[in-house]
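Undergrad: Quick one: the structure is below, questions incoming.
Computed from the coordinates by the stated procedures, all read-outs in this text should not be read as laboratory data. Predicted model, so just to flag it, every value in this text is computed and none were measured. Neighbour counts are summed over all protein chains in view; Cβ atoms, including those assigned to glycine, are modelled from backbone coordinates with ideal geometry.
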Amino acid sequence: MLNLAAVLEHSAKEVPGKTALVFGDKRFTYEQVNAVANQVANGLAAAGITKGDKVALSCPNLPYFPMIYYGILKAGAAVVPLNVLLKGREIAYHLKDSEAKAFFCFQGTPELPMAQEGWAGFKEVEGCQHFSRRGRGEGTRNRHRKDGPVSRRAALLGGPCGGIADRGDDDIW
C-alpha cells in the first residue's frame, strides 16, 4: 500500500532540484526535503518505531512540519498532529489516547512555549518513549537518555536542530 511519502519520493527522483517548499527567502528542493524525511525515518526506525506505531507532531507552519511528517510516514508510522496551543495536560491526554510512542515538538517562543508544555505532557505518559525538540539554534545540547550517553542511534532523532529525551529523563530545560 502506498502512502503520501511515495509522492515525495517520486518528485525527489523525477525533479530533485525543483522547489518543494518556500519559507521566506529560503527554498528547499524535493531532494532536500526527501533527505531530511529519510533521516527522520531512519532515526525513528533506530528508536524502535515500526509500521502502525503512532508518532505525535506539534509544529507551526514551518518547513520542519512537512519534513518530519513525511519522515514519520516513511517509517510506516501514523502521524498524530497536535495543536500548537495545547497545554501540558492536554498534550498528555492526546499522547495517551493516541498511544503515541514518540513525540516531535517544536521549540516555540517565549510567548508560545510549545516545548515546555510538550515536555510536561510527555513526562505524564509512560507509553510515549521518545521526545524530540525541534527549533532554531539549540544545537544538540539537550539530547538525553536514561541509560547514559546519547548513542548515534538517538542522535539521528536529535539531528542538527533539536534534542531528544527518552522516558526517565528528569528535565531537559
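Undergrad: Cα centroid distance between the range 54-120 and the range 1-26, in Å?
TA: So the separation of the two Cα centres works out to 22 Å.
Undergrad: Using a cut-off of under 14 Å, list every residue of the range 1-45 whose amide N is near the label point 7 Å from the Cα of LYS51 along the Cα-to-beta-carbon line.
TA: 1-3
Undergrad: Okay, next question. By how many nm would the segment from ALA6 to GLU99 lengthen if fully extended, with 0.36 nm per residue of separation less the alpha-carbon distance? Intermediate values should be presented prior to the final figure.
TA: Numbers: separation 93, 0.36 × 93 = 33.48 nm, distance 2.52 nm.
Contour length minus Cα-Cα distance gives 31.0 nm.
Undergrad: Rank-order 18-24, 62-68, 7-13 by packing density, defined as the average count of other C-beta atoms within 10 Å over each peptide's residues, highest first. Intermediate values should be presented prior to the final figure.
TA: On the way: 18-24: 12.4, 62-68: 20.9, 7-13: 16.3.
Ranking, from highest mean packing down: 62-68, 7-13, 18-24.
Undergrad: Ranked highest first by average number of other Cβ atoms within 10 Å, how do 122-132, 46-56 line up?
TA: Averaged packing, sorted descending, gives the order 122-132, 46-56.
Undergrad: For the range 1-137, rounded, prolate or oblate, judged on the Cα gyration tensor with a ≥ b ≥ c (square roots of eigenvalues), a/c < 1.5 rounded, else prolate if a/b > b/c? Provide the component values of the computation, followed by the final result.
TA: Details: a/c = 2.49, a/b = 1.39, b/c = 1.79.
Since a/c reaches 1.5 but b/c is at least a/b, the shape of the range 1-137 is classed as oblate.
Undergrad: When Lys and Arg each count +1 and Asp and Glu each count -1, what net charge do the other residues less than 10 Å away from GLU117, Cβ to Cβ, add up to?
TA: +1
Undergrad: While we're looking at this one, here's another question. Rounded to the nearest 20 debye, what is the charge dipole size of the range 1-132 about its Cα centre when +1 sits on each Lys and Arg Cβ and -1 on each Asp and Glu Cβ?
TA: Value, rounded to 20: 160 debye.
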